[in-house]
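First comes the structure, then the notes that go with it.
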Amino acid sequence: MSIWKDSLKNRIPKDWAEEIDLFEGQIKLRKQGGVDEKVFAETRLRRGAYGQRYDNGQRYDGIKSQKLKFPTDLTKGPDTKWDALGMQRIKLPFGSMTPKQLEVMAELAEEYADGILHITTRQDVQLHFIHIEDTPDLMRRLGAVGITTREACGNSIRNVTACPLAGVCHTEVFDVTPYAHALFEFLLGHDDVQGFGRKVKPAFSGCEHEACGLVKMHDIGYLAQVREIDGGLKRGFRVYVGGGLGTIPHQAKVLTDFVGEDEFLALTQAVCRIYARLGEKRNRNRARLKFLVADVGIEEFTRLVNEEWQALPYDPRWKAYLDSVDRFDESPCHETDTFEGVEVEGFAEWHESNVYLQRQEGYAAVTLNLPLGDISVNQSFTLADIVRRFTPDTMRTTVEQNIVLRWVSVGDLPTLYQALDDIGLATPGAASIVDITSCPGTDTCKLGVSASRGLAGELRTQLAARNGNLDQAIKDLRVKVSGCFNSCGHHHVADIGFFGNSRRREGRAVPHFQVVLGGQWKENAGSYGLAVGAVPSKNAPKVLDALTERYARERRNDENFQAWIARLGKIEIKKTLEPYTHVPLFEQDPSFFIDWGDVRNFTMSDLGIGECAGEVVSLFSLNISQAEGLAFDALVALDEGNVKDADEKAYRAMLQAAKSLVLSKSLDVGNDPDAIVSEFRKHFFDTELFFDKFAKGKFAHYLFDRHKTTVKPTIDSCRHLVHEANLFIEAAHTCDARMAAEEEAV
Amino acid sequence: MLKRIKVKFPFAEDRAAQTTKVATTFHRWIQNQTFEGHLLIDVANYMHVPNSYNIILVAHEADIVLDSTDNHHGLAYVRKNTWTSDGVEGQIEEVMDYAKTFKTAFQNDLCMTFGDYLELSFLDRGLAPNTPENQRAYADVLRPILAKSGTLELLHQDPRYALGFRATSHSRAVDRMNDE
Ligand code: SF4
C-alpha cells in the first residue's frame, strides 16, 4: 500500500478517499488492458490528469521528428502514451488557498513535477511533467488539505471562478465568495453534470463594471444584485448563459435578471440538465453551451430551463448553505497602522501598481505579479510564511495568473514589500501592460501553434525595462497571448491580444501571431476584439511598440484604446502593421524561423490532438468503468484475504453497474442503495430489459440477493460474489449495447 | 524505495551559466540521445523564476537541471524513476553514477567549473521526511559514501524542505567526482 494512502487515511474526506482509491484501481485495470482507452482518458481528465505535448510519442528535435521510445506501448488515451508525462490541474474554487495548501502544492511540484507551480487563467494551479501513476498519491495529499482535483478537466463543471477582491472591494454589491463556494460544493460530482458534451465554466462577479469576474465570457455567469422584495433587501444574481471565448467568441445572454440566493442553485441545476439533454454530443466543435443557447435562442432556452426547474425534485441543499454564509467572513490578523515617508528603493512604484486599498479602512490587498504565472517551490514556502505573518491565512489566485494577499495592514506594507522583494515577488506593474497573461502554448499544450509563453516573456522583459518611462495611457493597457485560436490566454478581451498561427515561406513554416485589437477587459469582459492581421512572431514586440506609441501620440484627451482603434479604422490599422508582416528568406535571417524561447527551427509537426474536452464518453461508459474498478478492487481484497472488504466492494460494483443503467432513465437516482435497486428493478427487471436470452433475470438476482442479505460473508460466499459482480457488469454492458442498437434501429 | 533523489553540483563561481548555450546544449543532447539509460524528451525554460529550477532537460528517468534553488547556481540531476537498485545506499550510488555522467558532459560541452562540494537531497517526504531522526539516520548512511574525511551539513532544518545534505571537499566521493 502507498505510504500516503495509509498515513492520510483519516485526514481525507471519506468519499474523496474512495474516489481516489477507485481511480487508482482504474489505473491498475487500464495497465492490464481492462478499461477502454477512451473511457480511461475521460476518467483521468475528470480527475484533472491531462495530456501534455509530445505524449503521442513524437517530438521534433530541430532536425527530425523523433519517435520517443517509452518503456511500454500502453496508452492512457487515444494516441497518448502511458509513460509520457502529463499535466495535473488542481482546482481552487474562486482561487482561494491557505498557506498550508500552498506548501503542499509546492511539495508535490518538487516530488512529482518539475518544481514549478503554474497559476492558470481560471484560478487553477497546474503541475507539469507528471507521471500518471503518481497522481493518486498526489490527489491524496491534496485531499488531506481540502483540495480536490475532481472535474478539473473533462466534460463537466470546471473550476468556479470569482473576483479575487470579493469581500474587500469598493464596488461590489456583496461578497460573492460564499455563493461561489456553495456552487462548487453543490455541483461537485453531481449526477446532472456528468452527461455534458463539453465543459461548462462558471464565474461570479460582485459588480458590473470592473473586470475581475468576467461573467460575460463564461458558460454561466453570476452577477451580484440586491432587490427589494416584500419590504426587505434580498441578495441574488443576474444570471448570464452561453458566453465563451474559443475560436468564435460569444457574449453571454441574460437568462434571468434576478434569481434569489435561495434559488440560484436550483436554477443552475436546471441549466445543467437542459445542457446535458439537448447539447450537442457528437460534434465537439459545436458542443459548448454557447452553441445550444445560440441555436435555440435565449427566449426558448429560458423557457426550457424554467420548465425543467419547476419539475426538479426538491433538494434541501439548495438552501442549506445559507446557514453558513458568514463563515467566509474574513478579519485581519493585525490591528491597522499607517506608515510615512518610506525610503525603500522601488517601494513607491510597487505601491502604485500592486496595492489596492480595501473598502475596510486601513487594509490593503496586494498583488504578486508572477512572471507567466509561475512560482517556485522555495518561493512558495517563504510566501506561505509571509501570508501567515501579514494576513488572516488566505490568499487568492487571479485570472491574470497572479496571487492576491488580502487584509494586509497598510502599516505593514513597507515590511511586506521588503519580504516579498527578498524572494523576487515584489515586481511592480500588476494589472498593467507588463503583467501579460499567457496560456501554456507550445511549451506544454498539445494544441499550441506558437510559443505564447515565449512571446509573453519577451514582451514582459522589454516592457519592464522601460516601464518607468511609459506613458500612463500605455501602462494601463492589457496584453494577452494564446498559443492558438482557442483563447485560453484570453486574447479576445485584451486591448492588444495575440494568438498563435503559422505561415509558410519558401516551403518552411514560420511562427506567426494574429493580432487582435480592441477587446474590453472591463465591464466583465464587455466586448471582444477583432483580428486585424498576422505578423511573424519575431516582429510581434515591434508591432506592440508601434501600436502603443501611435496610440499615445494620437489619442484625444481621455480616449481609451478601444475608442481609438474604432476611430482609426481597419485600413489605418493594417497600414500600421504592414511594415512588420514581411518574412525574409531563411538564408537572410533564420531567426524568423525560430519561435521565442526556443532554439529549434519552427515546426507544426508536433501539434497533437487536444484533450480540452476529452472524448465524449457516454454516462454509461463512465459509470460502468467505475463499477469495473470496484470489481477489480474486490478481487485484490479477496487475494489479500480481506473478506469483508471484498464483499463490500463486489456489492458496490453491482450497485454501480445498476446505477450506470438507471441513469439513462432517471438522473435523480443518487447513491442510496435502496433507491438504486428499486429503480433498477422498475426500469430493467420488471420490463425485462436486463434479461439475458438464456439466463433471463438470473444476473439481476445476484444484486437483489446481495442487497437483502444480512449473513456475514465467508471466503467462499465472497468468492462467489466477486464472480457474480463481474457477470452482472457484463450483463449491464450487454443491456446497454442492446438498448443502443434498438435506439439506432428506431 | 525512495521516490526521487537529487544531486546538485554548485558552480565554482556562483553565476548562472549562459542560458541560451545551456538550452542549445540540452536540445543537442536530445537530438543525439547519447546518454545510456535515459530517454531525453524536452527542455523546459523557467529562467524568469528566481530561486528555482531554471532550465530543465526532461528525461523519462530523470531531470537534468540548471538550478538556482537556494539562490546558488549549479547543475542538478534529479532521478525520478526506473531505479535498478534497492535500499538507500544502492539508490545513492546509482544516482551518483548517473549524475557524474551528466556533470562530465556539461563540463565538457559548456566549459563550466564546479565547486568543491555537492548537495544531495531526498525528494520523498513520505519515506524520508525532514525530521530530526531522519536527519541523523540519513547522515549516518551518507557519511561513509560522501564524507568520510570531509563534512556533512544539513541543508534545511525547516521540515517543509526536503531532507538534504551538503558534502564538502576532502570527502572521497566529492574529490573523486571533481577529479573526473
Ligand atoms: S490557447 Fe491553444 S495553445 Fe493555448 S492552452 Fe489553449 S489550446 Fe493550448
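The values are calculated or read from the model by the stated rules, or taken from the named source; none is laboratory data. Note that the structure is a prediction, hence the values are computed from the model and not measured. Methodologically, a virtual Cβ is constructed for each residue, glycine included, from the backbone with ideal geometry; neighbour enumeration extends over all protein chains shown. Each accessible area value is taken on the protein alone, full model and side chains, heavy atoms only, with ligands, DNA and RNA left out. Shrake-Rupley method; radii C 1.70, N 1.55, O 1.52, S 1.80 Å.
Annotations for the structure displayed:
- Accessible surface ranking that places the most exposed of B:T104, B:T20 first, with a 1.4 angstrom probe: B:T20, B:T104
- Among the GluC sites (Glu not before Pro) found in segment B:24-112, those both in a DSSP coil and sparsely packed, with 14 or fewer other Cβ atoms within 10 Å of their Cβ, are B:E36.
- Overall form of segment A:123-259 per C-alpha gyration tensor (a/c, 1.5; a/b vs b/c): prolate
- Segment B:48-111 shape via C-alpha gyration tensor axes, a/c threshold 1.5: prolate
- Anisotropy class of segment A:1-75 from Cα gyration tensor, a/c 1.5 cut: prolate
- Accessible area per residue for chain A, computed on protein heavy atoms with a 1.4 Å probe, is 39 Å².
- Within chain B, longest stretch free of exposed trypsin sites (Lys or Arg not before Pro) [DSSP loop, at most 13 other beta carbons within 10 Å]: B:16-147
- Legend: residues in segment A:75-119 shielded by at least 10 square angstrom of accessible surface upon adding the remaining protein chains to the isolated chain (1.4 Å probe, heavy atoms) are A:D83, A:L85, A:E103, A:E107, A:E110, A:E111, A:Y112, A:A113, A:D114, A:G115, A:I116.
- At 0.890 mPa s and 25 °C, Stokes diffusion of chain A via Kirkwood alpha-carbon radius, µm² per second: 89
- From phi via Karplus (6.51, -1.76, 1.60), per-residue ³J(HN,Hα) for segment A:198-209 in Hz, x at Gly/Pro: 8, 6, 10, 10, x, 8, 10, 9, x, 8, 8, 9
- Filtered GluC sites (Glu not before Pro), segment A:334-388: DSSP coil and at most 14 other beta carbons within 10 Å: A:E335, A:E340, A:E343, A:E345, A:E361
- Coil-residue trypsin sites (Lys or Arg not before Pro) of segment A:434-475, DSSP, other Cβ within 10 Å capped at 13: A:R466
- Cα-based equivalent ellipsoid of segment A:347-422: semi-axis lengths in Å, sorted from largest, via gyration tensor: 18, 14, 13
- Lysine pairs in segment A:437-593 with Cα atoms under 24 Å, if 8 or more residues apart or on separate chains: 21
- Residue pairs exceeding 32 angstrom between C-alpha atoms, taken from A:K100/A:K253; B:K3/B:K103; A:K199/A:K696; A:K14/B:K3: A:K100/A:K253; A:K199/A:K696.
- Lys/Arg +1, Asp/Glu -1 at C-beta; chain A dipole; positive extreme among A:T576, A:S65, A:V493: A:S65
- Cα extents for segment A:619-745 along the principal axes, largest to smallest and rounded to whole angstrom: 47, 31, 24.
- Computed over the protein assembly as shown, the per-residue total of -39500 (n - 2.57) for DSSP H runs of n ≥ 4 gives a 222 nm mean residue ellipticity of -12000 deg cm²/dmol, rounded to 500.
- Rounded percent of accessible protein surface that carbon and sulfur make up, chain A, 1.4 Å probe: 50
- Percent breakdown of C-alpha pair distances by 5 Å bin, ordered from the shortest bin, for segment A:169-328: 2, 9, 18, 23, 22, 15, 8, 3, 1, 0
- A quarter of the convex hull surface defined by the alpha-carbon atoms of chain B gives 9.4 nm² as the mean projection.
- Volume of the Cα convex hull of segment A:9-143, divided per residue and given in Å³: 122
- Intensity falloff of segment A:437-593 expressed as log10 I(q)/I(0), Debye formula with alpha-carbon point scatterers, at q = 0.14, 0.15, 0.19 Å⁻¹: -0.67, -0.77, -1.22
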